Amino acid sequence: MSTSIVRALKCRECGHEYEIQPVHVCEFCFGPLEVAYDYDKLQGKFTRELIESRPQTMWRYKELLPIDGDPTVGAQNGFTPLVRARNLEKALGVSELYIKNDSVCYPTLSFKDRVVSVALSKAVEFGFTTVACASTGNLAGSVAANAAAAGLKSYVFIPHDLEQGKVLGAGIFGTTIIGIDGAYDDVNRLCSEVAGKYGWAFVNVNVRPFYAEGSKSLGYEVMEQLGWKAPKQVVVPMASGSLCTKIHKSIKEFIQLGLVKDNGTRMYGAQATGCSPISRSVKEQTDLIHPVKASTIAKSLAIGNPADGFYANRVIRDTGGWAEDVSDTEIIDAMKLLAESEGIFTETAGGVTLGVTKKLLKQGKLNRDEPIVVCITGNGLKTQEAIMNEIDKPRVIPASLKAFDELAHAAGIEI
Ligand SMILES: *Cc1c(COP(=O)(O)O)cnc(C)c1O
Ligand SMILES: [Zn+2]
């Protein structure tokens, strides 16, 4: 039995509605399509008690995710820890700070497992047997893994110069990896052409409206984990800008359904200075996004022409938030700070998010006396190149007590 309350695909610009199908662009105005729901059908039926009675996966909110039946792909995905980060609170001088830790998301250690399980479950409902994506790294691994587990054939398209951990982390699942001699924006352009010609489900091209909805699950979890409260301030990393807009959508939905009270949530966006078209537009207080040529160690966020940049900018400014960007050095410093203070090893994108949090605190844009949720979206084991030369090397000695005594003495270690 379908529990779906999905009504249609709706153009974000002109409002034209389409039947549910694998399309992502409006025929009339070329605006992006978004999934629209009949929330009224859920009034009084989608309760905290019902949600809490379900398994701890992202699918406990399935009424608000755009598939008809039960998930056929990624049924275990999501529900990551929300960590009260007391050491970081001290280090940053703030009263209440939480890490939403998607660096341990199941199964491929990034928040992309959320969007992929929705996209692939929907692709199966549409009857596709081959899936694909244009990826900055994490999406490739997630599509490859979730497709393998679901018995789907996959092709992943990536810029040729990604980190080893991202390439291996896709290849191990037996997918076909196509490395493009170009930047992500070139990969994406090619994939639009391939999607039209080959008839595959490209998770972030023709099934993008469904894919993007998966990001809402991160927001739902945060609110439930805060004790059914909307967060006050949320800091989100931005590549296309989609995650930022969807966390905001998740909060609006929970308010509308009476699951949380409106808390005046402010959204804050984080980018790397080497690829900061969205944060720049916010700082310049314009809604024009100027595409850039990316150059940053935060490769998973390196989208020079962000599809949802305009909408992310609007959400940030409408909610009274702000955006900032940080240098490669600041990214590495923040990765180390998170690891040394909270024992969480995040990838470069996480360094961007925490680095920007520090900067916004210094500027007074984030309020130190109100709770802050920092979204950590990927795992550090996949971007080892970035910190390889930044950490202490092992001190190699013979396996003798005498050798250790000498080392201990030289290091000033007391017995
Ligand atoms: C893809 C990605 C993001 C941002 O995604 P968008 O929704 O495109 O803004 C953030 N963090 C990590 C680690 C990612 O892989
Ligand atoms: Zn339109």
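A few comments on the model shown:
- Flag for V315 being assigned to a strand (DSSP E or B), open to solvent by less than 50 Å² (accessible area, probe 1.4 Å) and farther than 14 Å from S103 by Cβ: no
- Members of region 183-204 found to be assigned to a loop (DSSP other than H, G, I, E, B), modelled with pLDDT of 95 or more and open to solvent by less than 20 Å² (accessible area, probe 1.4 Å), listed by number: V203
- Search result, residues across region 150-161 that are outside any helix (DSSP H, G or I) and open to solvent by 20 Å² or more (accessible area, probe 1.4 Å): G151, L152, K153, Y155, H160, D161
- Only listed residue being within 17 Å of V260 (Cα to Cα), among the polar types (S, T, N, Q) and more than 16 Å from ligand 2 (Cβ to nearest atom), chosen from T47, T57, T80: T47
- Residues located in region 34-63, provided they are within 22 Å of D113 (Cβ to Cβ) and aliphatic (A, V, I, L, M): V35, I51, M58
- Scanning region 265-290 for residues that are farther than 14 Å from M238 by Cα, in a loop (DSSP other than H, G, I, E, B) and either touching a residue at least 24 places away in the same chain (Cβ under 8 Å) or among the aliphatic types (A, V, I, L, M) (or both) turns up T265, Q285, D287, L288.
- Qualifying residue in region 382-398 (condition: touching a Leu at 6+ places or on another chain (Cβ under 9 Å), under 21 Å from A294 (Cα atoms), modelled with pLDDT of 95 or more and in a helix (DSSP H, G or I)): yes
- Each residue in region 299-312 was checked for being assigned to a loop (DSSP other than H, G, I, E, B), in contact with an Asp or Glu (Cβ under 8 Å, 6 or more places away or on another chain) and crowded, with 24+ Cβ neighbours inside 10 Å, and 1 of them qualify.
- Failed item in (1) open to solvent by 60 Å² or more (accessible area, probe 1.4 Å); (2) touching a Gly at 6+ places or on another chain (Cβ under 6 Å), with Y106 passing the rest: (2)
- Any hit, region 367-390, residues being among the small types (G, A, S) and free of Cβ contacts under 8 Å to residues at least 12 places away in the same chain: no
- The set of residues in region 326-358 being in contact with a Ser or Thr (Cβ under 6 Å, 6 or more places away or on another chain) and closer than 15 Å to C244 by Cα consists of A349 alone.
- Any hit, region 347-364, residues being of a type outside the set (G, A, S), surrounded by 10 or more Cβ atoms within 10 Å (Cβ to Cβ), over 33 Å from the mean Cα position of the chain (by Cα) and in a loop (DSSP other than H, G, I, E, B): no
- Selection count where residues are more than 16 Å from ligand 1 (Cβ to nearest atom), open to solvent by less than 90 Å² (accessible area, probe 1.4 Å) and either of a type in the set (A, V, I, L, M, F, W, C) or farther than 18 Å from F254 by Cα (or both), scope region 36-59: 6
- Residue list for region 82-122, restricted to those being without any contact (Cβ under 8 Å) to a residue 60 or more places away in the chain, away from ligand 1 (no atom under 16 Å from the Cβ) and under 20 Å from I51 (Cβ atoms): S121
- Of all residues in region 1-35 being of a type in the set (G, A, S) and surrounded by fewer than 18 Cβ atoms within 10 Å (Cβ to Cβ), the one that is farthest from ligand 2 (Cβ to nearest atom): S2
- Region 221-241, subset open to solvent by 10 Å² or more (accessible area, probe 1.4 Å) and more than 17 Å from I99 (Cα to Cα), residue farthest from ligand 2 (Cβ to nearest atom): A239
The values are calculated or read from the model by the stated rules, or taken from the named source; none is laboratory data. Just so you know, these numbers come straight off a predicted model, no measurement behind them. No Cβ is skipped: glycine too gets one built from the backbone with ideal geometry, and neighbour counts run over all protein chains shown. Surface areas here come from the heavy atoms of the whole protein model, side chains and all, with no ligands, DNA or RNA. Shrake-Rupley method; radii C 1.70, N 1.55, O 1.52, S 1.80 Å.
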